[in-house]
Amino acid sequence: MRILSPSILSADFKNLGQQIVDVKEAGAEYLHVDVMDGVFVKSISLGMPVIKSARSACDIFFDVHLMIVDPIRYIEEIAASGADGITFHLEAAEDPMAVIDKIHSLGKHAGISIKPGTDVSTLKPYLDKVEMILLMTVEPGFGGQKLIPESFDRIKAVRKMLEDTGSSADLEVDGGIKKENVQDIVKAGANVIVAGSAIYAGDAAANVKDFLSLINNA
Ligand code: DX5
Ligand code: ZN
């Protein structure tokens, strides 16, 4: 199944509720929520209070991407704020299996992510343990960057690893995804597409519709 996950990092936060309703009504199934701590990545974005109040805007799958050190510390609070799926970074976790177990114990979907410089083989032990693999296609920390071209080979490699393992985990990609490159990204093997600036700069509902038609016809 192919899914679009608009990232609210590029949304207009003074109208956040409406911005979420707009993308859901246009057909987006997930909402991507980036949590940054200023340590694992340079920037600081948002946390529990924003997730909690955004959650009440409408019923859409909250796909929370944690870019924080030692993520196990915050899994319970993030789950309680209303996350449906929680993705953490392999590079940030001392014991990634413990984080996955914790997310599952709270009844949420678990995702594991790697940065562009981390070898895809490091994902192997987790392929059949998570609901989602998130491959960063830019260096995490900011929206509006350009997709790193080597990402295509990495997407293909992870798709093959998932097939070889018989894992049904989703393969999500995040960073620099635009209408111009999204079809090639889907063809390479990604099935959950994050887009921030390409959706929220301009008419979000129209952009969601364009993306969905590109994704579903790739
Ligand atoms: C960046 C975040 C992304 C960001 C993507 O570290 O993880 O989710 O919102 O933004 P775009 O689509 O503008 O590259
Ligand atoms: Zn993200």
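Against the condition closer than 21 Å to V208 by Cβ, crowded, with 21+ Cβ neighbours inside 10 Å and over 18 Å from the mean Cα position of the chain (by Cα), how does D22 come out, does it pass?
Yes.
Confirm whether I51 is within 14 Å of ligand 2 (Cβ to nearest atom), modelled with pLDDT of 95 or more and either in contact with a Phe, Trp or Tyr (Cβ under 8 Å, 6 or more places away or on another chain) or of a type in the set (V, I, T) (or both).
For I51, the condition - within 14 Å of ligand 2 (Cβ to nearest atom), modelled with pLDDT of 95 or more and either in contact with a Phe, Trp or Tyr (Cβ under 8 Å, 6 or more places away or on another chain) or of a type in the set (V, I, T) (or both) - is met.
Going through the range 1-19 one residue at a time, which ones are buried (at least 22 other Cβ atoms within 10 Å of the Cβ), part of a helix (DSSP H, G or I) and not hydrophobic (A, V, I, L, M, F, W, C)?
Q19
Which count do you get for residues in the range 121-155 that are more than 14 Å from ligand 1 (Cβ to nearest atom), assigned to a helix (DSSP H, G or I), more than 20 Å from D70 (Cα to Cα) and open to solvent by less than 20 Å² (accessible area, probe 1.4 Å)?
Qualifying residue count for the region: 1.
Restricting to the range 156-175, name every residue that is part of a helix (DSSP H, G or I) and either of a type in the set (K, R) or surrounded by 16 or more Cβ atoms within 10 Å (Cβ to Cβ) (or both).
Within the range 156-175, K156, A157, V158, R159, K160, M161, L162 qualify.
Go through A98, A110 for me and flag whichever is away from ligand 1 (no atom under 16 Å from the Cβ), open to solvent by 10 Å² or more (accessible area, probe 1.4 Å), at pLDDT 95 or above and hydrophobic (A, V, I, L, M, F, W, C).
A98
The values are calculated or read from the model by the stated rules, or taken from the named source; none is laboratory data. This one's a predicted model, so the numbers in the text were calculated from it and none came from an experiment. For neighbour counting, all protein chains shown are included, and Cβ atoms are generated from backbone atoms with ideal geometry for every residue, glycine included. Calculation scope for accessible area: heavy atoms of the full protein, side chains included, ligands and nucleic acids excluded. Shrake-Rupley method; radii C 1.70, N 1.55, O 1.52, S 1.80 Å.
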